[in-house]
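Below you'll find the structure, written out as structure tokens, and then a few comments.
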């Protein structure tokens, strides 16, 4: 479903309510009451329109006819009036619309599935708590950027948790961490292993990029705005980048430094998983 | 005081290697991670793309995540990988188990 930053994310089916509630706009957020109302109106229209699988352009067109004109803008790219995409996605999440692939690269919207929902109290706080459990010491700005950039929302969450947080310094970065996690962080064994992660993997998304990849040139190679590569991780560090050309059944790995033959063999095993995820035969691996 | 931690001016200094190690484990990349690791990851969401992004993220992790519960009902993303049983008798979670809020249902 459309989740943080309006980007499509995989979640457990039992967590659709949780995601909706954790990310639902509040009047105290940056957008204020007007944005809350806008999301609710578009969500109601989407709920009425998406009663069966429907391509996104068709859903957008039908929703446009059901919402106030004030919520519709001229889109030069589509050459049509429609609800702006960011608002449309936020409303889709609010309506618990589920995303699926369609023909010709079109996103297909599906109505909410009938699935038992796990009740999670204080969903927004629970989201932050899970973020700390997964990522450890974190700065408020890093969390805010991951969540979608809402300053008021992130500030409010930090204020709520202030009594539980301790200041932590990692490298030259000042972070916060729930005190209850401090021992787990200080006793963490050093990372060991190899993995080829895709461009938007959580390990690369939920992180202070400068802390993970201190070298500026390497950082620019890893986080490219368009058509970004995947990252080769070795013992926790980003040791290179990779790309998969399905038509050639080839994974090309570009190393940032030397890598032992044992680690190369492990990376080649991870490359097999990359192809397996798309149902392809094992690829050839080229080292660059 | 434990290795990697120094307390100065009310701020705890954590060695970067410990930070990396914590994230490596909690992101399910350390091999034998707990099922709760995958729960937390999917609570936050795993970003998807037309290039099988979420599947590629999960497949790098799920081979190593044992589970003692039945497969997640209703979870399907068209993936056909079945659960596998290790030589020590523990089951590993397939991508189909792990994923997701995606159609078809």
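The values are calculated or read from the model by the stated rules, or taken from the named source; none is laboratory data. Since the structure is predicted, the reported quantities are computational estimates derived from the model, not experimental observations. Glycine gets a Cβ as well: all are built from the backbone with ideal geometry, and neighbour counts include every protein chain shown.
Is at least one residue of region A:3-10 free of Cβ contacts under 8 Å to residues at least 60 places away in the same chain and either away from chain B (no Cβ under 14 Å) or not in a helix (DSSP H, G or I) (or both)? Explain how you work it out, then say what you get.
At the first step, the residues of region A:3-10 found to be free of Cβ contacts under 8 Å to residues at least 60 places away in the same chain are A:9-10.
Still in the list and also either away from chain B (no Cβ under 14 Å) or not in a helix (DSSP H, G or I) (or both): A:9-10.
Scanning region A:3-10, I find at least one residue that is free of Cβ contacts under 8 Å to residues at least 60 places away in the same chain and either away from chain B (no Cβ under 14 Å) or not in a helix (DSSP H, G or I) (or both), so the answer is yes.
Residue-wise test of (1) under 30 Å from residue A:49 (Cα atoms); (2) outside any loop (DSSP other than H, G, I, E, B); (3) under 16 Å from the mean Cα position of the chain (by Cα).
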| residue | (1), (2), (3) |
| --- | --- |
| A:114 | yes, no, no |
| A:117 | yes, no, no |
| A:131 | no, yes, yes |
| A:134 | no, yes, yes |
| A:143 | no, yes, yes |
| A:149 | yes, no, yes |
| A:152 | no, yes, no |
| A:157 | no, yes, no |
| A:163 | no, yes, no |
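Residue A:126 satisfies every condition listed in (1) within 10 Å of another protein chain (Cβ to nearest Cβ); (2) out of contact with any strand residue (DSSP E or B) (no Cβ under 8 Å at 6 or more places or on another chain); (3) in a loop (DSSP other than H, G, I, E, B) except (3).
Consider region A:11-36 and keep the residues that are over 19 Å from residue B:47 (Cα atoms) and assigned to a loop (DSSP other than H, G, I, E, B). The one that is nearest to the other protein chains (Cβ to nearest Cβ) is A:25.
Summed over region A:97-112, the residues that are farther than 18 Å from residue B:54 by Cβ and in a loop (DSSP other than H, G, I, E, B) give a count of 3. Please tell me if residue A:185 is in contact with a strand residue (DSSP E or B) (Cβ under 9 Å, 6 or more places away or on another chain) and within 11 Å of chain B (Cβ to nearest Cβ). Yes.
May I ask you to verify whether residue A:186 is in contact with a helix residue (DSSP H, G or I) (Cβ under 7 Å, 6 or more places away or on another chain), buried (at least 18 other Cβ atoms within 10 Å of the Cβ) and more than 30 Å from residue A:86 (Cβ to Cβ)? Judged against the criteria, residue A:186 is a match.
Entry remark, region A:189-221: residues being surrounded by 22 or more Cβ atoms within 10 Å (Cβ to Cβ) and more than 10 Å from chain B (Cβ to nearest Cβ) number 0 in total. The residue that is nearest to residue A:114 (Cα to Cα), counting only those in region A:45-65 that are assigned to a helix (DSSP H, G or I) and either within 25 Å of the chain's Cα centre (by Cα) or not assigned by TED's automatic domain parsing to the domain that holds residue A:106 (or both), is A:47.
Among the residues that make up region A:73-95, is at least one of them part of a helix (DSSP H, G or I) and either on the phi > 0 side of the Ramachandran plot or assigned by TED's automatic domain parsing to the domain that holds residue A:146 (or both)? Walk me through how you get there before you give the answer.
If we filter region A:73-95 for residues that are part of a helix (DSSP H, G or I), which is where we start, we get A:85-94.
From what is left, the residues that are either on the phi > 0 side of the Ramachandran plot or assigned by TED's automatic domain parsing to the domain that holds residue A:146 (or both) are none.
So far as region A:73-95 goes, no, none of its residues is part of a helix (DSSP H, G or I) and either on the phi > 0 side of the Ramachandran plot or assigned by TED's automatic domain parsing to the domain that holds residue A:146 (or both).
Being within 29 Å of residue A:262 (Cβ to Cβ), surrounded by 21 or more Cβ atoms within 10 Å (Cβ to Cβ) and modelled with pLDDT of 95 or more is a description that does not apply to residue A:168.
For residue A:234, state whether it is surrounded by 19 or more Cβ atoms within 10 Å (Cβ to Cβ) and either more than 23 Å from residue A:283 (Cβ to Cβ) or under 19 Å from the mean Cα position of the chain (by Cα) (or both).
Numbers: surrounded by 19 or more Cβ atoms within 10 Å (Cβ to Cβ): yes; either more than 23 Å from residue A:283 (Cβ to Cβ) or under 19 Å from the mean Cα position of the chain (by Cα) (or both): no.
Spelling it out, it is not the case that residue A:234 is surrounded by 19 or more Cβ atoms within 10 Å (Cβ to Cβ) and either more than 23 Å from residue A:283 (Cβ to Cβ) or under 19 Å from the mean Cα position of the chain (by Cα) (or both).
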